[in-house]
Amino acid sequence: LNNNTVIRFSLNPRNEIESFFSMNRATCPDEILVRIELEEKGKEILKDICKKWDLKTSGLTQIELVESVLEYEILDAQNVAQLKKMCSQDGLPNSGNKIDLIKRLTPYNIIKKLKLNELKTKCSKEGLSKSGNHNDLVNRMYRFNELMKKTVPELKGECSQKGLATSGDKRELIDRLL
């Protein structure tokens, strides 16, 4: 596999996709971008695989779905101690079981792999500040995405704990917490 690898699956690709994602990820270095061309039917199968592993897929592009599954597979090859160390190094909570750690690291690592200009574009698209270095933007985007997963009552609770106003809609609460 190299940077230009394109993998095409047949019209009925479920077994091929599952087999591809189950293969030993050690043969494909982390930095290689694997692009998979799938018809809409294939995208739904990818979502099914993500659902099986309880990976969040809403709002993700097809390539982001693929990156999520590949990142999950890479992290799944690590043991719990290694995953906890990775969380600590990235300033993420390191509590929980292996699945919890992987769910925390998967989106963070995907964001971390983005270039500075890509991060600025994503921040701008979400109405977030584009100031700071690469690490600042990674943390801001990750925190924003994590807050977006929460319900309004959860966000109000977090605002209350931090002594912030609890009025407003979801986006106002998130902006306060950022």
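Contact order for segment 71-152, expressed relative to its length and based on alpha carbon pairs under 8 Å spaced 6+ residues apart, stands at 23 percent.
Which FRET efficiency value, to the nearest 0.05, do you get for Gln89 and Arg171 by plugging their Cβ-Cβ distance into 1/(1 + (r/R0)^6) with R0 = 30 Å? With a Förster radius of 30 Å, E is 0.45.
Given their separation in residues at 0.36 nm each and the Cα-Cα distance between them, Lys150 and Lys115 gain 9.9 nm when the chain is fully extended. Probing with 1.4 Å while keeping every protein chain in the model, the per residue accessible area of segment 82-142 equals 55 Å².
The values are calculated or read from the model by the stated rules, or taken from the named source; none is laboratory data. What you see is a predicted model; the values in this text were computed from it and never measured. Cβ: placed from backbone, ideal geometry, glycine included. Neighbour counts: every protein chain shown. Ligands, DNA and RNA are excluded from the accessible area calculation, which covers all protein heavy atoms including side chains. Shrake-Rupley method; radii C 1.70, N 1.55, O 1.52, S 1.80 Å.
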